[in-house]
């Protein structure tokens with residue numbers, strides 16, 4: 001028995017397949033890797049320079065991950081450049097006569113680092129370097145570019161590691177000095193306040209004690225200057241005998257009453 005489909009049925013089946021494919025692609029969108037490099041790098045002539053390249057991927061780093069570096073000379077008008085180094089499968093492959101004996105791998109894909117090192121930098125190494133990272137299925141990212149400047153030692157920018165370390169050490173020493181000075185000032189201010197407090201208390205106590213002495217002396221003076229009460233001696237009274245005896249005529253018995261007033 002032979003099964004034949006009409007044109008209309010065939011078209012419907014075709015559209016169903018297209019919709020299913022679109023749905024599958026929509027459920028699993030193509031990943032996009034992000035690559036980062038510094039905008040500008042300065043290296044002293046005759047020394048080794050590291051070109052940093054890091055990336056961000058939503059996928060686990062696979063064994064098929066790779067890094068490619070390309071170079072566009074400063075005087076070239078080419079927008080693509082030539083590949084100078086390729087890293088894949090745990091091995092590096094220099095791919096340029098200019099850098100073949102001087103370029104080497106300096107990154108770690110497990111740490112999402114695709115950097116390279118170029119030894120014995122020369123002035124003709126000036127140009128634009130591009131880093132391109134692939135981590136299947138995360139392959140849709142764009143390369144990142146960095147401009148390299150090979151200069152003399154005196155022309156290096158002041159943001160070298162030695163300058164940064166010196167600035168950090170100077171800042172720490174400055175903070176320590178400020179803390180010590182602040183501590184000494186606080187100690188001096190506290191000592192001054194304590195001294196002024198003791199002086200004020202002593203003056204107040206002295207002033208409080210002086211009126212008391214004056215009052216006491218005035219009291220003593222008033223006591224000594226006030227006239228004392230008159231002291232009266234014994235008073236003698238004559239008592240007459242009014243009895244009818246003969247012997248009582250003009251008989252007098254003196255009675256002495258002592259009236260002594262105390263002060």
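The values are calculated or read from the model by the stated rules, or taken from the named source; none is laboratory data. Just so you know, these numbers come straight off a predicted model, no measurement behind them. With ideal geometry, Cβ positions are generated from the backbone for all residues, glycine too; neighbour counts draw on all protein chains shown.
So, residue 173, is that one outside the structural domain of residue 102 (by TED's automatic domain parsing) and at pLDDT 85 or above or not? Don't jump to the end; show me each part of the working.
Values: outside the structural domain of residue 102 (by TED's automatic domain parsing): yes; at pLDDT 85 or above: yes.
Judged against the criteria, residue 173 is a match.
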Revision key, fill the gap. Within the range 91-124, restricting to residues that are in contact (Cβ under 8 Å) with a residue 40 or more places away in the chain and outside any loop (DSSP other than H, G, I, E, B), the one that is surrounded by the most Cβ atoms within 10 Å (Cβ to Cβ) is 118
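Would you say residue 55 is over 42 Å from the mean Cα position of the chain (by Cα), part of a strand (DSSP E or B), surrounded by 13 or more Cβ atoms within 10 Å (Cβ to Cβ) and in contact (Cβ under 8 Å) with a residue 24 or more places away in the chain? Even if it seems obvious, please write down each step before you answer.
Details: over 42 Å from the mean Cα position of the chain (by Cα): no; part of a strand (DSSP E or B): yes; surrounded by 13 or more Cβ atoms within 10 Å (Cβ to Cβ): yes; in contact (Cβ under 8 Å) with a residue 24 or more places away in the chain: yes.
For residue 55, the condition - over 42 Å from the mean Cα position of the chain (by Cα), part of a strand (DSSP E or B), surrounded by 13 or more Cβ atoms within 10 Å (Cβ to Cβ) and in contact (Cβ under 8 Å) with a residue 24 or more places away in the chain - is not met.
Could you say whether any residue in the range 159-177 is surrounded by fewer than 16 Cβ atoms within 10 Å (Cβ to Cβ) and either in contact (Cβ under 8 Å) with a residue 60 or more places away in the chain or not in a helix (DSSP H, G or I) (or both)?
Yes, the range 159-177 contains at least one residue that is surrounded by fewer than 16 Cβ atoms within 10 Å (Cβ to Cβ) and either in contact (Cβ under 8 Å) with a residue 60 or more places away in the chain or not in a helix (DSSP H, G or I) (or both).
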Check your understanding: residue 132 fails exactly one of the following numbered conditions: (1) within 18 Å of residue 33 (Cβ to Cβ); (2) free of Cβ contacts under 8 Å to residues at least 60 places away in the same chain; (3) part of a strand (DSSP E or B). What is the number of that condition?
Key -> (2)
Check your understanding: Taking residue 19 and the conditions (1) modelled with pLDDT under 90; (2) assigned by TED's automatic domain parsing to the domain that holds residue 115, which numbered condition does it fall short on, given that it satisfies the others?
Key -> (2)
